[in-house]
Amino acid sequence: MRADQRTRAVEAAVGIAASLGLDAEDVTVLNDSNKLALRLLPCDVLARVAPVAEQVAEFEVDLAQRLRAAGAPVAAPDPRVGPRAYEKDGFVVTLWTYYESVGEPVAPAAYADALARLHAGMRAVDMAAPHCTDRVAEAVQIVEDRALSPELADVDRQLLADTLRSAARRVAGTGQLLHGEPHPGNVLNTRDGVVFIDLETCCRGPVEFDLAHAPEEVGAAYPGADAGLLRECRVLVTAMVTAWRWDRNDQFPDGRRMGREWLERVRAAVGAGPASGA
């Protein structure tokens, strides 16, 4: 978020927490991109804050409630307040249990087991969600519209568009409910076990689409994964993430550098020619 927007977002979170009887004198920013993640103390709650126009907070809270009831390893809304989205000053705020990390990366076998349990829980939940190819279409729009990605060279624009469309054909169809982005940044290693957070990217598709966001060792440990489809999904996810980094409104820290680096990954994966120098 922009600095002025971030200040107002923090004020909204603190104000909502106080109105619910939660003491939030100390605020630590845990993550700052399109959505702000804050640890509020001494009440020790995780607040997620986004502009009203850019959120799916009610969906995320509802999904978390249903998944926890199904035994899935996902973060819980804070039990001291109602599980819902709260609005204030143009922002929507959700309040979650804060999980202390044990400080060690999740081992591949534990990561794969937790993801398999998450997918099992998701199969037990009946909720409407977009297909992962809808997100692919959004990425294609970014790379094909020069107004949305003005810094992207034409040769790279064509590379990404062709790669996205080609890889998306393999994942088209119904599929099951997925996390959408279960990468290591959305996986917590806690004293209570592995916990997945950030369900706003939930979509439908093959489990290999989720596995493509995790380290390769996790895919190897996941039971029944289709190795060929997983390779296709890894190319697809790499191209999608690259496209987002060239969005003119992208707020990912050091996003352009990452966009240049990941273009080379896409080029290597599809056997394309030399880089454009973008």
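The values are calculated or read from the model by the stated rules, or taken from the named source; none is laboratory data. A quick note: this is a predicted structure, and the numbers were derived from the prediction, not measured. Every residue, glycine among them, receives a Cβ derived from its backbone with ideal geometry; neighbour counts consider all protein chains shown. With ligands, DNA and RNA removed, areas are computed over all heavy atoms of the protein, side chains included. Shrake-Rupley method; radii C 1.70, N 1.55, O 1.52, S 1.80 Å.
Post the alpha-carbon centroid distance, the stretch 72-142 to the stretch 147-211, in whole angstrom.
One Cα centre to the other: 14 Å.
If one takes the longest principal axis of the Cα atoms in the chain, at what angle in degrees, from 0 to 90 and to the nearest 10, does the Cα axis of helix 57-69 lie?
Approximately 80 degrees, to the nearest ten.
So how do Thr133, Thr28 rank on accessible area, 1.4 Å probe, biggest first, that is with the largest at the start?
Numbers: Thr133 40, Thr28 60 Å².
Order by accessible area, largest first: Thr28, Thr133.
Compare the Cα positions of Tyr99, Leu40, Val241 along the charge dipole of the chain (+1 at Cβ of Lys, Arg; -1 at Cβ of Asp, Glu; about the Cα centre) and return the one farthest towards the positive end.
Val241
Carbon and sulfur atoms: what percent of the 1.4 Å accessible area of the chain do they account for? Please report the intermediate quantities before stating the final value.
On the way: 6290 of 12760 Å².
Percent of accessible area from carbon and sulfur atoms in the chain: 49.
Quick one: dipole size for the chain, taken about the Cα centre, charges +1 on Lys/Arg Cβ and -1 on Asp/Glu Cβ, in debye to the nearest 20.
Details: 30 positive and 41 negative charges, 99 e Å.
Using Cβ point charges on Lys, Arg, Asp and Glu, the chain gives about 480 debye.
Run the numbers on the stretch 189-278 and let me know its relative contact order in percent, using alpha-carbon pairs under 8 Å that are six or more apart.
Numbers: 53 pairs, mean separation 17.8, N = 90.
Over the stretch 189-278, the number comes to 20 percent.
Please determine, in degrees from 0 to 90 and to the nearest 10, the orientation of helix 108-123 with respect to the longest principal axis defined by the Cα atoms of the chain, where the helix direction is its Cα long axis.
80
Which value, in Å² rounded to 10, gives the accessible area of Leu159 with a 1.4 Å probe and all protein chains present?
20
Answer rounded, prolate or oblate for the stretch 1-148, using the Cα gyration tensor with square roots of eigenvalues a ≥ b ≥ c: rounded when a/c is under 1.5, else prolate when a/b is larger than b/c, else oblate. Show your work: numbers first, answer last.
Numbers: a/c = 1.62, a/b = 1.11, b/c = 1.46.
Oblate, since a/c reaches 1.5 and b/c is not below a/b.
Once you keep just the Cα pairs under 8 angstrom separated by 6 or more residues, what percentage relative contact order results for the chain?
Value for the chain: 17 percent.
Modelled label-to-label distance, Arg257 and Arg84, 7 Å Cα→beta-carbon offset: nm?
4.4
Note down the nm distance, to one decimal, between modelled labels 7 Å out along Cα→Cβ at Gln158 and at Arg191.
5.8
In the stretch 91-147, which trypsin sites (Lys or Arg not before Pro) fall in coil by DSSP and have 12 or fewer other Cβ atoms within 10 Å? Write out the running numbers ahead of the final one.
Numbers: sites: Arg117, Arg123, Arg135, Arg146; in loops: Arg146.
Sparse-neighbourhood loop trypsin sites (Lys or Arg not before Pro): Arg146.
Roughly how tilted is helix 3-19, in degrees to the nearest 10 and between 0 and 90, from the longest Cα axis of the chain?
Helix 3-19 and the main axis of the chain meet at about 40 degrees.
Would you list Arg191, Arg68 from the most to the least accessible area, probe 1.4 Å?
On the way: Arg191 185, Arg68 110 Å².
Correct descending sequence by accessible area is Arg191, Arg68.
Report the calculated FRET efficiency for Ala120 and Ala147 (r = Cβ-Cβ distance, R0 = 30 Å), to the nearest 0.05. Show your work: numbers first, answer last.
Details: r = 43 Å, r/R0 = 1.43.
That pair, Ala120 with Ala147, gives E of 0.10.
For the chain, what is the accessible area per residue in Å² when the probe is 1.4 Å?
Value returned for the chain: 46 Å² of accessible area per residue.
Under a crude label model (7 Å from the Cα following the beta-carbon direction), how far is Asp32 from Asp4 in nanometres?
1.6
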